[in-house]
Amino acid sequence: MKIIRAQATGTGRVLSHFRFRASELTPASALDRCTNLTTILPDVMNDVINYCEKIDPQYTFRVIIPNGPTSASFDVVLKGNNFKILCSRRLMRGWFPLNPFAAEFGSNYDVIFSIAAEESFETPLLTMLKEKYMIFEV
């Protein structure tokens, strides 16, 4: 098992919070955005999800611990034929709670990935992440 921490550089997707809680990656509607009922998916997590989808279109996405009104953190799991990845989003920058909008910017997050996969899956994924993001091995 490989554990890494990646520093996001931006927002990958803005999702509907209620659909996210139901383990669906549904883009936020105009109403969701107006009421601020959204969940930010950092770009690094978005890239890992896209990679998993490319390798195994039948992969599953499941929310383990959703974010909520008192926490910006969440944990999700991506599971496919030859991989299982636990992704933990953590708000690390942005001066929260002094800046209440810190959670709305993907670049304020770090994502911790726990990767259990075959070497043929893991090596290209880690190479892609190291080329694009600041990575810390844990």
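Read-outs: derived from the displayed coordinates by stated rules, not from any lab. Bear in mind that the values here come from a model prediction, so they are computed numbers and not experimental data. Cβ coordinates were reconstructed from backbone atoms using ideal geometry, including for glycine residues, and neighbour counts include every protein chain displayed.
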Between the Cα axis of helix 119-132 and the main Cα principal axis of the chain, the angle (0 to 90°, nearest 10) is 50
If unit charges are put on Cβ atoms (+1 for Lys and Arg, -1 for Asp and Glu) and the dipole of segment 2-137 is taken about its Cα centre, the option from His17, Tyr59, Leu41 lying farthest towards the positive end turns out to be His17
Asserting the computed 222 nm helical MRE of the chain (DSSP H runs at least 4 long, -39500 (n - 2.57) per run, divided by residue count, to nearest 500) equals -8000 deg cm²/dmol
What is the chain's relative contact order, in percent, from Cα pairs under 8 angstrom and six or more apart in sequence? 33
If you average the alpha carbon positions of segment 9-37 and of segment 61-138, how far apart do those two centres end up, in angstrom? 16
Would you calculate the separation in nanometres between label points at Met134 and Ser107, each defined as 7 Å from the Cα along the Cα-to-beta-carbon direction? 1.2
Among Phe83, Phe20, what is the fewest-to-most ranking by other Cβ atoms within 10 Å? Phe83, Phe20
Theoretical FRET efficiency, 1/(1+(r/R0)^6), r = Cβ-Cβ of Glu118 and Phe96, R0 41 Å, to 0.05: 0.60
To the nearest 20 Debye, how big is the dipole of the chain about its Cα centre, given +1 on the beta carbon of each Lys and Arg and -1 on that of each Asp and Glu? 300
On a 0 to 90 degree scale, rounded to 10, what angle separates helix 43-55 from the longest Cα axis of the chain? 40
